[in-house]
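Structure first, then comments.
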């Protein structure tokens with residue numbers, strides 16, 4: 001089965017987006033598309049998604065020195081989705097806090 | 001918030017507080033906010049993580065760690081609101097937190113006891129009037145004559161008026177020398193009353209170069225023999241009782257006759273004993289005041305006094321270092337009764353100073369400065385400035401004034417006591 005939602009991205013910038021524009025950021029499977037992401041979010045969090053924007057984060061180039069010589073490679077590419085919810089909906093990424 | 005104050009022994013109190021969860025929330029929020037400013041969470045700049053995120057991640061831990069601060073805040077507010085005079089550090093003796101329900105804690109502390117000086121008038125005291133006997137005066141004159149005596153080399157010690165120089169060597173029962181038990185060049189005044197009788201007898205008529213064996217007792221009471229070798233015999237020549245001698249002893253020019261000299265010596269001894277009498281009366285007054293006014297001595301006060309006693313004791317040793325076998329615990333145990341009495345007196349004195357508005361005035365400082373100016377060879381007007389800065393001098397003045405006030409209202413009976421030649 002293809003993984004769509006990998007993890008929510010919680011950073012200072014994303015928190016600001018949540019508070020001001022009701023937009024939530026997730027790391028998603030690299031092959032998932034906007035439609036799949038929309039459905040996954042709506043199903044998982046029981047909310048209405050009004051827009052999805054995605055971008056691919058290119059993996060960084062990494063090199064390693066060993067006895068056999070220098071090995072070069074890349075970290076895996078990742079996909080980020082910024083999901084805009086209906087203005088009346090909200091996701092508690094940190095769970096309910098009393 | 002439910003607060004209850006219980007009385008423990010002496011001036012100790014116990015505060016039992018119970019806070020509901022609603023009352024705790026503002027304290028917790030404050031603690032979380034404080035933590036947030038220090039938090040460093042990936043994805044956020046330092047101190048910029050959202051409050052509810054901190055709450056979710058660390059909320060419970062922060063709540064527990066802030067309980068002591070909450071107890072402290074509640075306690076401090078209680079003390080200030082009730083205008084209590086705290087004497088010692090308070091300690092939390094019990095704490096119970098039921099999450100989302102309530103916090104209960106107990107704090108033990110000591111406050112300045114409430115003091116009422118009720119009985120300070122009409123204390124019954126005895127003041128000793130020392131009568132100086134002629135034998136005491138004669139003893140003093142003899143002491144001065146001995147101190148100013150000259151010595152003449154003589155061959156034989158005919159009576160007590162001689163100083164002999166001897167070497168002492170302990171012997172075993174067979175008369176053999178015990179190595180390591182000898183003393184050399186010991187100067188002994190034969191008129192000294194502290195010489196053991198067997199030695200006094202053994203030294204009679206001893207000649208320079210003579211060797212004698214004296215039977216004596218050791219510290220355990222067993223028999224021992226001491227070999228005495230006399231290396232020098234000096235006759236003590238006492239100075240004549242004339243004007244020159246009177247001047248050396250009294251430092252006064254106008255003493256011409258032996259009667260005047262004796263009167264002066266008697267006067268000096270009387271002054272010393274009058275001082276002893278005054279100090280004894282002061283001590284008795286303090287003791288009677290403590291008996292007449294039952295005041296609890298706060299533990300903190302006692303501890304401060306005991307620590308002061310240790311510091312004083314320390315000063316008796318080189319480099320102010322206590323001996324290795326010194327036990328602070330044993331010392332405090334031994335001196336505790338004295339410290340309690342001192343603490344009680346300090347409280348009585350403080351209260352009387354406050355109640356009767358006793359202060360140290362310019363003339364009080366001047367009196368002490370004039371008394372001490374001659375002794376330190378510093379002009380009184382310079383000394384007075386130093387005294388005004390000195391807290392100990394101020395306390396001495398206040399202490400004397402409090403004692404004077406009590407003594408003026410006391411019933412003092414004079415008791416005579418004769419002072420004879422010192423043993």
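See the values below:
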read-out	value
Debye-sum result for chain A in log10 I(q)/I(0), which assumes one identical scatterer on each alpha carbon, at q = 0.15, 0.17, 0.20 Å⁻¹	-0.64, -0.76, -0.97
Anisotropy class of the range B:193-345 from Cα gyration tensor, a/c 1.5 cut	oblate
Highest-MSF residue in chain A out of A:80, A:31, A:61 [GNM, Cα springs under 10 Å]	A:61
Per-residue Cβ neighbour rank within 10 angstrom, fewest leading, B:1, B:405	B:1, B:405
Calculated FRET value between residue B:372 and residue B:404, using beta carbons and R₀ = 22 Å, to 0.05	0.65
Pairs of Cα atoms farther than 30 Å apart, the protein assembly as shown, %	77 percent
For chain B, built as a Gaussian network whose Cα springs stay under 10 Å, the top-fluctuating residue of B:90, B:263, B:157	B:157
Label-point separation, residue B:324 to residue A:3 (7 Å along Cα→Cβ), nm	6.9 nm
Principal-axis tilt of helix B:21-38 within chain B, Cα atoms, nearest 10 degrees	80 degrees
Estimated 222 nm signal from helices in chain B, with DSSP H stretches of n ≥ 4 weighted -39500 (n - 2.57), rounded to 500	-16000 deg cm²/dmol
Computed FRET value (nearest 0.05) for residue B:3 with residue A:68, which takes r as the C-beta separation and R₀ as 51 Å	0.10
Label point at residue B:229 placed 7 Å out along Cα→Cβ; residues across the range B:153-187 whose backbone nitrogen lies under 13 Å	B:166-170, B:177-178, B:182-186
Label-to-label distance, nm, for residues given as residue B:315 and residue B:138 (7 Å Cα→Cβ offset)	4.1 nm
Helix-only CD estimate at 222 nm, as mean residue ellipticity for chain A, using -39500 (n - 2.57) per DSSP H run (n ≥ 4)	-7000 deg cm²/dmol
Inter-probe distance in nm under a simple model that places probes 7 Å from Cα toward Cβ, at residue B:78 and residue B:108	1.5 nm
Order of A:25, B:39 under a 10 Å beta carbon neighbour criterion, fewest first	B:39, A:25
Degrees separating the helix A:34-45 axis from the principal Cα axis of chain A, which is the longest one	60 degrees
GNM result for chain B, Cα springs below 10 Å: residue of B:325, B:96, B:392 fluctuating most strongly	B:325
Residues B:91, B:11, sorted so that the one with the fewest Cβ neighbours within 10 Å comes first	B:91, B:11
If the convex hull is drawn through the Cα atoms of the range B:246-419, its volume per residue in Å³	216 Å³
Nearest 10 degrees, 0 to 90: helix A:12-21 Cα axis against chain A principal axis	30 degrees
Computed E for residue A:58/residue B:23 - FRET, C-beta separation, R0 56 angstrom, nearest 0.05	0.55
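FYI, it's all coordinate maths here, none of it is from the lab. Computed from a prediction, not measured in an experiment: that's the story for all the values here. Ideal geometry is used to build each Cβ from the backbone, glycine not excepted, and the neighbour counts take in all protein chains shown.
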